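What follows is one structure encoded as structure tokens, with my remarks underneath.
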Amino acid sequence: MSASSPEYTLFLGCMIPLRHPQIELSARRSLGALGMVLSDSDGFSCCPEPWNVKGASLDDWLVLAARNLAVAERSGRDLLVLCNGCYSTLTEAGHLMSNGGEAAERVRGKLEALGLSYSGTRRTRHVVQALCDLGTDAVSASVTRPLSGLKVAVHHGCHLLRPHEILQVDDPFDPVLLEGLVEALGAEAVRYEGYTDCCGKATRDQDSSLRIASNKLAAMKSAGADCVVVVCPACFEQMDLGQVEIKRRLGEEHRLPVLHYCQLLALAQGGQPDSLGLGRHRVDVKPALQKMQG
Amino acid sequence: MAKAIPDFKDKLSRIEGAGRLTACYQCSACVAECPAAQQCGDFNPRLIVLAALLGVGELLVEKDSVIWQCTTCYKCYERCPQGTHPIEVITACKNLAAAIGNAPEEITALHDTVAGNATLIMPSTAIEKRRGDLGLGPVPAPAEDLERLLE
Ligand code: SF4
Ligand code: SF4
């Protein structure tokens with residue numbers, strides 16, 4: 001491996017390793033094939049998740065997030081996350097800690113009592129950023145089975161894009177990076193109405209939540225998409241398992257397969273759908289795979 | 001009719017991010033693209049901010065308050081010309097509701113799961129088996145020292 005191989009501490013969060021491990025598998029394989037070195041670390045907690053835990057207590061949310069950042073700093077590497085929730089929590093918490101309000105002061109004291117400190121020397125990188133750092137040419141060069149003919153609707157997810165002044169990934173209303181990464185695999189990214197809209201996962205009323213997702217899936221389908229690409233396990237759940245619920249509760253059927261970007265990457269690198277565990281997805285991915293030529 | 005809570009605005013403003021409440025001039029820029037406003041009849045970020053400004057806290061922190069419909073999409077944060085950031089006012093309202101035991105049960109339960117077990121989802125033999133079948137190792141050991149941070 002070259003001296004410039006990027007090294008990260010992998011922060012898996014909860015949903016991927018404990019509910020959708022097939023996403024973790026694709027990430028480890030595909031990012032490894034690109035020369036990224038991912039180290040595991042014990043001692044993390046949930047990031048914590050940025051709407052329920054934060055809604056219950058911003059102080060608890062911040063202290064747990066800052067603790068994770070402090071633990072990560074001891075490894076001396078940047079963190080890599082595969083989830084928008086982890087990205088927004090750890091990035092926003094780092095921002096709050098560095099800009100020191102009253103909440104940050106309280107947290108600093110609590111960390112010190114445990115012999116931990118946060119200095120802000122390490123970044124949290126979302127896999128989209130890490131791949132863009134590497135460059136779309138490097139991503140393309142790893143492809144052995146180009147996804148030509150496949151039309152992909154990308155769904156960034158809100159917690160990757162907004163608030164932009166803190167997260168600083170891409171334009172909050174006209175993002176292009178994930179489309180570029182999809183096209184690097186030989187697939188075609190299709191734009192659709194409501195491109196940066198929410199998946200609706202956090203809305204408490206179930207029918208309203210599903211309605212938001214259903215509208216988005218319908219717009220993707222009208223634009224000709226064969227599948228959806230997400231970069232977050234919460235968006236994944238809402239759009240994949242959500243389609244079962246949408247059919248049951250709203251009587252609408254979309255049959256639009258949903259993949260995490262790392263899964264699409266692993267497929268383009270020659271991975272087999274079965275060994276990648278894609279059979280666990282609630283919406284059958286085979287029709288989309290059949291569209292891929294070559 | 002909902003009553004005003006005398007120190008509601010002060011309490012709210014002390015929560016990180018919610019301090020720019022008074023800059024709101026009720027322009028509605030936060031409403032147009034709000035998915036919760038589009039789907040949930042009673043939800044309107046401008047009116048939530050107004051209620052908070054007027055101190056009509058009861059409406060916001062009662063059990064099953066409309067605030068829990070927010071998707072946390074942050075569109076209002078980007079669109080607000082005044083830096084009021086309705087989402088942050090809503091999060092602060094959620095915190096105040098939770099502090100008096102009025103958060104939805106499932107949300108309190110998730111918070112308590114993380115506080116007690118470090119992870120949002122409990123490990124199980126079923127998931128360890130699935131991980132094994134995929135050729136993945138065990139999940140890294142979670143944090144053990146959270147109790148003292150959360151006391
Ligand atoms: S919160 Fe901001 S966008 Fe909404 S009404 Fe007030 S000033 Fe306008
Ligand atoms: S964050 Fe909440 S209030 Fe703001 S636009 Fe999104 S759903 Fe509406």
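The values are calculated or read from the model by the stated rules, or taken from the named source; none is laboratory data. Predicted model, so just to flag it, every value in this text is computed and none were measured. Glycine also receives a Cβ, built like all others from the backbone with ideal geometry; neighbour counts cover every protein chain displayed.
Filter the helices (runs of 4 or more DSSP H) completely within region B:1-64 down to those with at least 1 residues that are loosely packed, with under 15 Cβ neighbours inside 10 Å.
B:8-13, B:45-54
Please state which one of A:Leu58, A:Leu38, A:Leu90, A:Leu64 is under 18 Å from the mean Cα position of the chain (by Cα) and surrounded by 21 or more Cβ atoms within 10 Å (Cβ to Cβ). Steps first, please.
Numbers: A:Leu58 fails: under 18 Å from the mean Cα position of the chain (by Cα); A:Leu38 fails: surrounded by 21 or more Cβ atoms within 10 Å (Cβ to Cβ); A:Leu64 fails: under 18 Å from the mean Cα position of the chain (by Cα).
Result of the check over A:Leu58, A:Leu38, A:Leu90, A:Leu64: A:Leu90.
When you look at A:Cys232, is it under 17 Å from A:Leu161 (Cβ atoms), under 20 Å from the mean Cα position of the chain (by Cα) and modelled with pLDDT of 95 or more, yes or no?
Working: under 17 Å from A:Leu161 (Cβ atoms): yes; under 20 Å from the mean Cα position of the chain (by Cα): yes; modelled with pLDDT of 95 or more: yes.
Considered against the rule, which asks whether it is under 17 Å from A:Leu161 (Cβ atoms), under 20 Å from the mean Cα position of the chain (by Cα) and modelled with pLDDT of 95 or more, A:Cys232 comes out as yes.
Residue by residue, here is whether (1) part of a loop (DSSP other than H, G, I, E, B); (2) touching a residue at least 24 places away in the same chain (Cβ under 8 Å); (3) more than 14 Å from ligand 1 (Cβ to nearest atom); (4) of a type in the set (Lys, Arg) holds:
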site	(1), (2), (3), (4)
B:Pro81	yes, yes, no, no
B:Thr84	yes, yes, no, no
B:Gly101	yes, no, yes, no
B:Glu106	no, no, yes, no
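Go through A:Gly115, A:Gly135 for me and flag whichever is within 17 Å of A:Tyr261 (Cβ to Cβ) and without any contact (Cβ under 8 Å) to a residue 12 or more places away in the chain.
On the way: A:Gly115 fails: within 17 Å of A:Tyr261 (Cβ to Cβ).
That would be A:Gly135, the only listed residue that is within 17 Å of A:Tyr261 (Cβ to Cβ) and without any contact (Cβ under 8 Å) to a residue 12 or more places away in the chain.
List the number of the failed condition for B:Ala29; all other conditions in (1) of a type in the set (Gly, Ala, Ser); (2) touching a Leu at 6+ places or on another chain (Cβ under 7 Å); (3) within 14 Å of another protein chain (Cβ to nearest Cβ) hold.
Unmet for B:Ala29, out of (1) of a type in the set (Gly, Ala, Ser); (2) touching a Leu at 6+ places or on another chain (Cβ under 7 Å); (3) within 14 Å of another protein chain (Cβ to nearest Cβ): (2).
When you go through (1) in contact with a Lys or Arg (Cβ under 7 Å, 6 or more places away or on another chain); (2) at pLDDT below 95; (3) within 13 Å of B:Gly83 (Cβ to Cβ) one by one for B:Cys30, which number turns out not to apply?
B:Cys30 satisfies every listed condition except (2).
Given (1) touching a residue at least 12 places away in the same chain (Cβ under 8 Å); (2) among the β-branched types (Val, Ile, Thr); (3) farther than 24 Å from B:Leu134 by Cβ, where does A:Val53 come up short, assuming only one miss?
Condition not satisfied by A:Val53: (1).
Which condition number does A:Glu92 fail, the rest of (1) farther than 23 Å from A:Asp133 by Cα; (2) within 11 Å of chain B (Cβ to nearest Cβ) being met?
Going through (1) farther than 23 Å from A:Asp133 by Cα; (2) within 11 Å of chain B (Cβ to nearest Cβ) one by one, A:Glu92 breaks only (1).
When you go through (1) surrounded by fewer than 17 Cβ atoms within 10 Å (Cβ to Cβ); (2) touching a residue at least 60 places away in the same chain (Cβ under 8 Å); (3) more than 24 Å from A:Leu80 (Cα to Cα) one by one for A:Ser222, which number turns out not to apply?
Of (1) surrounded by fewer than 17 Cβ atoms within 10 Å (Cβ to Cβ); (2) touching a residue at least 60 places away in the same chain (Cβ under 8 Å); (3) more than 24 Å from A:Leu80 (Cα to Cα), only one is false for A:Ser222: (2).
Restricting attention to region A:125-145, does a residue exist that is within 14 Å of another protein chain (Cβ to nearest Cβ) and within 30 Å of A:Gly43 (Cα to Cα)?
Just the residues of region A:125-145 that are within 14 Å of another protein chain (Cβ to nearest Cβ), to begin with: none.
No: region A:125-145 contains no residue that is within 14 Å of another protein chain (Cβ to nearest Cβ) and within 30 Å of A:Gly43 (Cα to Cα).
For residues in region A:156-201 being surrounded by 24 or more Cβ atoms within 10 Å (Cβ to Cβ) and more than 16 Å from the chain's Cα centre (by Cα), which is farthest from A:Lys247 (Cα to Cα)?
It comes out as A:Leu185.
Here's a check for you: in region B:65-103, which residue that is facing chain A (nearest Cβ under 9 Å) and more than 14 Å from ligand 2 (Cβ to nearest atom) is farthest from B:Ile15 (Cα to Cα)?
Among those that are facing chain A (nearest Cβ under 9 Å) and more than 14 Å from ligand 2 (Cβ to nearest atom), it is B:Ala103.
Restricting to helices (runs of 4 or more DSSP H) lying wholly in region A:123-192: which have 1 or more residues that are acidic (Asp, Glu) and either at pLDDT 95 or above or not assigned by TED's automatic domain parsing to the domain that holds A:Val81 (or both)? Steps first, please.
Working: elements: A:127-134, A:136-141, A:158-161, A:164-167, A:177-183.
Ranges flagged: A:127-134, A:136-141, A:164-167, A:177-183.
Somewhere in region B:67-82, is a residue closer than 17 Å to A:Thr203 by Cβ and basic (Lys, Arg)?
yes
Could you please give the count of residues in region B:26-44 that are near ligand 1 (Cβ under 6 Å from one of its atoms) and closer than 22 Å to A:Gly157 by Cβ?
Step one: of region B:26-44, the residues near ligand 1 (Cβ under 6 Å from one of its atoms) are B:26-30.
Still in the list and also closer than 22 Å to A:Gly157 by Cβ: B:30.
The number of residues fulfilling the criteria is 1.
Being of a type in the set (A, V, I, L, M) and facing chain B (nearest Cβ under 8 Å) is the filter here; which residues of region A:41-76 pass it? I'd like the intermediate steps shown before the answer.
The initial filter retains those residues of region A:41-76 that are of a type in the set (A, V, I, L, M), namely A:53, A:56, A:58, A:62-66, A:69-72.
Passing the criteria: A:Val53, A:Ala56, A:Leu58, A:Leu62, A:Val63, A:Leu64, A:Val71.
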